[in-house]
Every structure is written in C-alpha cells, then in structure tokens.
1. Look through Lys219, Lys209 and report the one residue that is among the charged types (D, E, K, R), modelled with pLDDT under 90 and away from the ligand (no atom under 16 Å from the Cβ).
2. Working only within the range 177-202, note down all residues that are within 16 Å of the ligand (Cβ to nearest atom) and touching a Lys or Arg at 6+ places or on another chain (Cβ under 7 Å).
3. Just one of (1) modelled with pLDDT of 85 or more; (2) in contact with a Pro (Cβ under 7 Å, 6 or more places away or on another chain) trips up Ile306, so point out which.
4. Is at least one residue of the range 256-264 within 29 Å of the chain's Cα centre (by Cα), closer than 18 Å to Leu132 by Cβ, within 7 Å of the ligand (Cβ to nearest atom) and among the hydrophobic types (A, V, I, L, M, F, W, C)?
5. Which residues, counting only those in the range 153-171, are within 16 Å of the ligand (Cβ to nearest atom) and β-branched (Val, Ile, Thr)?
6. Would you say Leu228 is under 23 Å from Thr396 (Cβ atoms), more than 8 Å from the ligand (Cβ to nearest atom) and modelled with pLDDT under 85?
7. Which number in (1) surrounded by fewer than 24 Cβ atoms within 10 Å (Cβ to Cβ); (2) modelled with pLDDT of 80 or more; (3) within 12 Å of the ligand (Cβ to nearest atom) marks the one condition that Ile323 misses?
Amino acid sequence: MKRPKLKKASKRMTCHKRYKIQKKVREHHRKLRKEAKKRGHKKPRKDPGIPNSAPFKEALLREAELRKQQLEELKQQQKLDRQKEQERKRKHEVNPGDEQSNVEPHQEFEEPKSKKAKPGKQNPKKLHCQELKKVIEASDVVLEVLDARDPLGCRCPQVEEAIVQSGHKKLILVLNKSDLVPKENLENWLNYLSKELPTVVFKASTDMKSKEKMLKAKKKAVPFQRKLCSGKEALCKLLRSFQQSCGKDIQVGVIGFPNVGKSSIINSLKQERICTVGVPMGLTRSMQIVPLDKQITVIDSPCFIISPCNSSAALALRSPVSIEVLRPLEAASAILSQADSQQTRFVFKVVLKYTVPGYKDSLDFFTKLAQKRGLHQKGGSPNIESAAKLLWSEWTGASLGYYCHPPASWNPPHFNENIAANMKKGFNLEELETNNAHSIQVLKGPRLANRILFRSSGPTNGIIEETDIPEELPRQKENKQNTEDQGNDENNAESSGVPPVEDAREMLPVESTANKPPDRSFTLDEMSQEDDDYDFKTDYL
Ligand SMILES: Nc1nc2c(ncn2[C@@H]2O[C@H](COP(=O)(O)OP(=O)(O)OP(=O)(O)O)[C@@H](O)[C@H]2O)c(=O)[nH]1
C-alpha cells in the first residue's frame, strides 16, 4: 500500500528561541574577535598610495621606480645564470666522456667559446692603440685636434710625450669646432696654446657631400662647402711652408680624442666626403691614407683610448662609445656635476629649452627633464634613463655650444723651452698668426643663448701602449653581455655599424619610451596566470 506523503516539518519557532540563538552567535563572534586581538592579529588594510599633497611624492615614486628597475635587473641576471647552468649541464650530458678528464666544467665551457667562436677577434682597444702608433710612426707632422669647447680636456699628455720622444716629428694643435665658442674665448685659447705649439683655428664643414654629389654642386657658382669651412687656407699654407722647408714629401697624421672632428678636417681639406663622419663616437676604427696633393699626404686615425683613472666627467665626454659600454645615467650625471654653478644652471635652463626650474641633484634634474619632454615609462613614471641619454648625446654631439676658460698655467712636463722652440722650427708663424686672425673674423660665433660656461677637468690621460690597457671591469663585461643578449633590434644596429647606445640616442627624439620590453613580458606572464585561474568550464556549466 502506498504510504501517504508526509508533510515537511515546519521551521517555525518561538521568537524567544530565535532571539536566544542570535544572541549566542553574536557572543561567539565577539569572543573570537577578542582572542584575535589578544594575539595581536589585525586585518591588513588596503594601501591607499601616496597622496597628491605629500611634499616628496615625486622623490618617493622615483625611488620606488629605481627599486623596481633593480629588481628587474636582478631577475634578468638570475635568469641568465640559470640558462648558462642549464647549457653547461646539457653539454655534459652530450659529452659524458669529458667528465673523466680533470678539467673543471666551468673552464671547459668558456675556453672553446672564446677560441673557436671568434678566432681572429682582438680587443678593439688594442687595435686602436696599434693603429694610432702606426699613424704616429708614419707621420712627419702630427695634427692633434682639440675641441674648442674644451681644448685642454682634449690634450693627451701620454701621446704628446710619445711624439716628443720620437725626436724629429712636429706637433701642431688644431682648434676645431671654433664656431661653437665665443670669439673672445677662442682668442684667449689661441694665445694660451700658441705659446707652446703652433696652433691653427679651424671650423670644419659639417655638410660635406660625396664625390658624385660634389660634381653636381660644382655646377653652382659658389660651392657651399667653402662657405662653411674656415681655417683651411691657414692649415694648408702652414703645411706647405713646412714641406718646402723640408724639401721632401711629408705625411701628416691627424689624431685626437673621439668626436673632435679629425675626419671632418680631412674632408674639409679635400673638399670631399672621403672619411666617415658622424655623431656616434669612435666611428674611425683604422688608419686611412688620403693624398692632399703630390707632396702632402694626410692620415686619418682612430681616436685615443682614454685611461680609466680620469675624472668621471672626462670619461663621460671622451670615451668612445663603440668600445666602452657606458651607463647613460652615470655619464650624464658626471657632465651635469661638472657644469654645476648657479650661472650654468640658469643658462642651461634657457638655452636647451629644458625649462627645468631649479634642481636639487642630478636625479631630480633628469626626473623633471623627462616630465618636460614627455619621456615616460609604462605606468606614467618619468623615464630618467632616456632623459640622461638626451643630455649626454647633446653634450657629446656637434651642436651644443659650451666653453671653458684657459687655466692660469699648465706646463706639460714633456715640453721645455728648447722642445717648444724646436717644434716651431720650419713653420711660418707670422703668416699663421694673420691667417688665424682672419679665420676668427670670418666666424659667426654661437648665439648668446648657446653660451654655457663649463669647468674643464684638465688634460685627459690616454693609453698608448697595448700592455697598459686594463682588463675589462666585471661591470663592463656584464653590460656588454646584457647588450648582446637584447633582441634583434640591437643586433641589427651592430651589423649596421652603429653602437647600441648610439642607436638609443638616435631614437631619443621619439618622445615616448613607454614600450619598454621587460615590463611588458612581466605583465603578460601575470595576465596569463590570471587567465588560468578563471575556469570557463566550471563557471558556465
Ligand atoms: N659644429 C661643428 N661640428 C663639427 C665640426 N667638425 C666636426 N663636427 C661634427 O662633429 C662630429 C664628429 O666629427 P668626426 O669628424 O666624425 O669626428 P672624429 O674625430 O673623426 O670622430 P671619431 O671617428 O669618432 O674619432 C660630426 O657630427 C661632425 O659633423 C666643426 O668644426 N663644427
């Protein structure tokens, strides 16, 4: 017999009982809270961030950004180490026989890499030294090119000493880029330097064209290169007078620190683009022989190698970027600290249109500069690194005018009166003086706004002997490795002969740097994790 369906039991209860239960539950919760309080455990509060009214908000954000960057670098380094370790293990697995030999695994991995992968590759600094020595040996007259913005900083006592010790070679100073300094300052430097050595004021033409374009330009009435170049006549006459006094053909070596305009001078003398010229430092990597006429041959040379014991400002301004791997922030900070006076800051602000209204330190300056120029990272924080690159490229480039005063005295130890007199022998110095005066007269000089007073750090020590070249610092190695490991973009830059840092400089005018790769990869990972957490199958069924 079918049993009748029972009615569900009612949940109704008396109010007295319901209130009693609710009271008990409240008491229980209160008890739990009390116990938690006794244990000192509090609910974590949500971080409200830095309020806009906080006085040091920018500095705090910058610090946080730096910390984040450091963490990223550390992660990157750890990743590289792991990859290396895995590679090493894989090699061991492939060649287990090698384990029986007593060679340490680390050495075993590194040695064949350097020997097999790059068989004929030499340290580029050593190559530079070899080439430079060859140029000095081959020359009868050596032109030491000085950037008129910091002539003393472009003099290298070690190289000058080597020339003096050779006995029979002549040394001439060429004050190039004279268009970038005020005329009075140029005259002061000319007086100062002429006391020691024959000095020529020069302004190389910077808009030189190749042979084919030259032929087209010749059809015009006045070749524009001539209009741009100044001091060519003075230099040519000086060399010719010396050649005539010698009575034989002469070789003229052109030497100097990077970017002083060695190749531009040769191009100006030839009125043709023969040597490679460009803003990136250290473009010339080997000697290049250029016949000027039947009797005079000019030799272009790679730049001097700077010694690491120089001041940081000198290192920032005179290190060939293709050889040294510099950190833009350090380099730019060193330059900024060298231009550190109230007056300079003021002119800085006006001239470069940086419009940075006063700054406490270099970091503060670069933060404000990045904000002004719209150089931002992902998340909107100012891109300090890009701002530093911008400043560095302007100071080592060919358009920014700055100048420094000649010192009260500097007596190079390798020059005594006899040597100085000997160096001047055979040259028509009176003619040179009048020609220099004419060259200065012709020059326009920089705009008033372009006059930034700079404090020179004095002569820059260079390295001329290969044996004196120090081993790479661990940080340099690390930097090089990092730049090598960066993606295809930089490989392309290397193959095109443009160094990575320089490449970055050329990219600077592109305002935003928000597309930095490391942050992107990180967020993608995060996103993929978040996606994994969401299970469509369970949620939508
Ligand atoms: N304003 C100005 N710029 C110049 C002058 N001479 C050279 N430059 C610029 O300076 C930069 C470097 O010139 P280069 O001739 O390549 O210098 P370099 O000494 O041969 O350089 P490296 O090959 O790196 O050793 C180029 O951008 C030139 O246009 C000058 O007299 N005035």
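The values are calculated or read from the model by the stated rules, or taken from the named source; none is laboratory data. Since the structure is predicted, the reported quantities are computational estimates derived from the model, not experimental observations. As a convention, Cβ positions derive from the backbone with ideal geometry for all residues, glycine included, and neighbour counts pool all protein chains shown.
1. After applying the criteria, what remains is Lys219.
2. Within the range 177-202, Lys177, Ser178, Asp179, Leu180, Val181, Pro182 meet the criteria.
3. Here Ile306 meets the rest and fails (2).
4. yes
5. Hit for the range 153-171 is Val159, nothing else.
6. yes
7. All conditions pass for Ile323, except number (2).
Here is a yes/no grid of residues against (1) within 15 Å of the chain's Cα centre (by Cα); (2) at pLDDT 85 or above; (3) within 13 Å of the ligand (Cβ to nearest atom); (4) part of a strand (DSSP E or B):
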position	(1), (2), (3), (4)
Gln244	no, yes, no, no
Val252	no, yes, no, yes
Ile266	no, yes, yes, no
Lys294	no, yes, no, no
Ala332	yes, no, no, no
Val350	no, no, no, no
